[in-house]
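As structure tokens, the structure follows; a few thoughts come after it.
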Amino acid sequence: MKKLTTLLCISLAAQSISAQTFIQAYKNRADLVTQTNITTNLQEFGNLGVKTTGSQANTNTLNWIKNKYTSYGYTASQIEESPFTFGSTSSKNLIITKTGTVYPNKYVIICGHFDTIYGPGVNDNGSGTSIILEAARILKDVPTEYSIKFIHFSGEEQGLRGSSHYVNNVVYQGGVRKLDIKLVFNLDQVGGVKGNNNNTVYCDEDQGGLSSNNAASTAVTQQLRNCTALYSPLQTAVDPAEDTDYIPFEQKGEVITGFFERIRSTYPHTTKDTFANVDPVYVYNIGKATVGALQHFAVATTTSGTVKAAVKNPLSTAKIYPNPASSILNIDLPDAKGVNFSFEMTNSSGRSVLKVNNDTKINVSTLENGVYVGVLKSGDQTVVKNILIQK
């Protein structure tokens, strides 16, 4: 998580999108980001617990991320576990490489950390992790001129340990640059605050550190703002880059940019950094902006034929009513009649309070008033809805 050490520079002026033209294929792929996938990733991340660097939960989370890539079709040769130690603590970064068609040895890095401190860290940084996973899923079979490295760092909360190790031992070896990097695009704490009007995202710009890479960062950050306007409904503002995993790269002269939430949450680094306190729709919209921008940075093909058609979710038309409910909650599945399904409700702390199978009339009379998360599942299809109990 970035620390608030300088006055944030806010620029909400009208944005020019002349630096990039609208590309329909990029928009098509950005629109393949799904709210269901984002929400599921956030919930699963939260359920993995407190991911302190060196802990079993931290290792379990790395394996969860790795299994996601395997399920997307990435091969063992593309997936690398990179171990590091500091003091008596050991952990691993996870690096996934997608090779470019024209510049296979020049890399666009998209990164974010998965370690947490004190809490499950759904905002800081399950939000960035979830978006990177969704971008990797969508772009798996999309040709890009530049290679892409999807990197999940550990040890960020202990002082950028994982990213520092990667930069100083992999990117640079013995002071010699071994990896040609086009730019580093970092996502950290982009979960928003539930209930706020989360319509703006910060785009991080290098305004300090080495002066030699500031101008290049300004240029790519403006491109990030332009892509956000082209491929998402979000507005943008500029935030000085600081205290997250792109800093070790910046210190070596690399070009950096990134996303960070505009309305800063107070929940990170506490036990309340849970799914209940983030805004999944905000994460979804930043995901669309990310997929659009990553295609621009890596120069993805503009041929739409490479886009896989989105698989229709038969649960997407499910009706769960009444909402608010007081005693009986009904489930209607017009496009999935006769299928086996489960329905689970969790409270604001993420604890399961009700779970049924194939039941279309559910007794909720024993639940206390409040907002619950309802998760409807059938096979590998999932729909998530907020349910209000009000008596």
Excluding ASN214 itself, calculate the net charge of residues whose Cβ lies under 11 Å from the Cβ of ASN214, where each Lys or Arg counts +1 and each Asp or Glu counts -1.
-3
Across segment 94-110, in residue order, what do the Karplus-derived ³J(HN,Hα) couplings come to in whole Hz, using 6.51 cos²θ - 1.76 cosθ + 1.60 with θ = phi - 60° and x for Gly and Pro?
10, 10, 10, 10, 10, 7, x, 8, 10, 10, x, 9, 10, 10, 9, 9, 10
What dipole magnitude, in Debye to the nearest 20, does the chain give about its Cα centre under +1 on Lys/Arg Cβ and -1 on Asp/Glu Cβ?
720
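What length, rounded to one decimal in nm, is gained on full extension from THR59 through to GLU368, with 0.36 nm per residue of separation minus their alpha-carbon distance?
Values: separation 309, 0.36 × 309 = 111.24 nm, distance 3.58 nm.
So the chain would gain 107.7 nm between THR59 and GLU368.
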With n ≥ 4 as the cut-off for DSSP H runs, can you work out [θ] at 222 nm for the chain, using -39500 (n - 2.57) per run divided by the number of residues, rounded to the nearest 500?
-7500 deg cm²/dmol
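Using a/c under 1.5 as the rounded threshold, could you call segment 125-186 rounded, prolate or oblate? The axes a ≥ b ≥ c are square roots of the C-alpha gyration tensor eigenvalues, and prolate needs a/b larger than b/c, oblate otherwise. Before the final figure, lay out the partial values.
Numbers: a/c = 3.27, a/b = 1.23, b/c = 2.67.
Here segment 125-186 falls in the oblate category.
Mind giving me the FRET efficiency for VAL50 and VAL353? R0 is 22 Å, r the Cβ-Cβ distance, nearest 0.05 is fine. Display every interim value, and only then the final one.
Working: r = 22 Å, r/R0 = 0.99.
Once the sixth-power term is evaluated, E becomes 0.50.
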Name the most mobile residue of GLY192, GLY379, GLY126, meaning the one with the largest mean-square fluctuation, in a Gaussian network model of the chain with Cα contacts below 10 Å.
GLY379
On a 0 to 90° scale, report how tilted helix 214-231 is relative to the longest principal axis of the chain, with both axes built from alpha carbons and the result rounded to the nearest 10.
30
Treating each Cα of segment 314-389 as an identical point scatterer and ignoring solvent, apply the Debye formula and state log10 I(q)/I(0) at q = 0.12, 0.19, 0.22 Å⁻¹.
-0.28, -0.72, -0.97
May I ask which residue of ALA318, VAL299, VAL190 lies farthest towards the positive end of the charge dipole of the chain, with charges of +1 (Lys, Arg) and -1 (Asp, Glu) on Cβ and the Cα centre as origin?
ALA318
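Read-outs: derived from the displayed coordinates by stated rules, not from any lab. Note that this is a predicted model, so its numbers are computed, not measured. Cβ atoms come from the backbone with ideal geometry, glycine included; neighbour counts cover every protein chain shown.
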